[in-house]
Amino acid sequence: MSPRNRMRRSAEFGLVMRKGRRAGRESLGVILLAPGTPGTDPPRVGFVVSKAVGGAVVRKRVQRRLRHLMRDRIASLEPGSLLVVRAKPAAARLGYETLAEHLDGALAAARRPRSGAARRRKGRGGDHQADR
């Protein structure tokens, strides 16, 4: 992946984590923040692979696989969009093809328009507005 397509600043990661659209699979999660207005900036991708995934060698292998998979998919992102790919511990045990399927599924879900139903939120004791 080109350096201009990599997200490196902590502020960008924080913005995506706060405002982005989330989707996940058993081995990874993606958070996509589409640009407010169409821009000319290239799409940028950042990776989060925590110590829960494994030791340093395992984490680096997972990160390299994800980076390689995103290299082919970066062109499908809207210009100016920011994407964070978070590896879960299961990513260390999966093969390349399975990881690619999970990434494709999560990206498709993050791009999918939201339905008309209200978004579920985690609350205290399962107290939801619809239950009242």
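The values are calculated or read from the model by the stated rules, or taken from the named source; none is laboratory data. Since the model is a prediction, treat every value here as computed from it, not as a measurement. As a convention, Cβ positions derive from the backbone with ideal geometry for all residues, glycine included, and neighbour counts pool all protein chains shown.
Does R114 satisfy the condition of being part of a loop (DSSP other than H, G, I, E, B), in contact with a His (Cβ under 9 Å, 6 or more places away or on another chain), at pLDDT below 90 and not small (G, A, S)? It is false that R114 is part of a loop (DSSP other than H, G, I, E, B), in contact with a His (Cβ under 9 Å, 6 or more places away or on another chain), at pLDDT below 90 and not small (G, A, S). The single condition among (1) touching a residue at least 24 places away in the same chain (Cβ under 8 Å); (2) out of contact with any strand residue (DSSP E or B) (no Cβ under 8 Å at 6 or more places or on another chain); (3) in a helix (DSSP H, G or I); (4) more than 25 Å from L94 (Cβ to Cβ) that V58 does not meet is (4).
Taking the conditions (1) modelled with pLDDT of 90 or more; (2) over 18 Å from R6 (Cβ atoms) in turn, K19 satisfies each one other than (1).
Residues in the stretch 95-111 that are part of a helix (DSSP H, G or I) and either loosely packed, with under 15 Cβ neighbours inside 10 Å or without any contact (Cβ under 8 Å) to a residue 24 or more places away in the chain (or both): Y96, E97, E101, D104, A108. List every residue pair whose Cβ atoms lie under 7 Å apart, where the two residues are 6 or more positions apart in sequence or sit on different chains, the first residue falls within the stretch 69-94 and is without any contact (Cβ under 8 Å) to a residue 60 or more places away in the chain, and the second residue, located anywhere, is among the aromatic types (F, W, Y). These pairs meet every condition: V85/F47.
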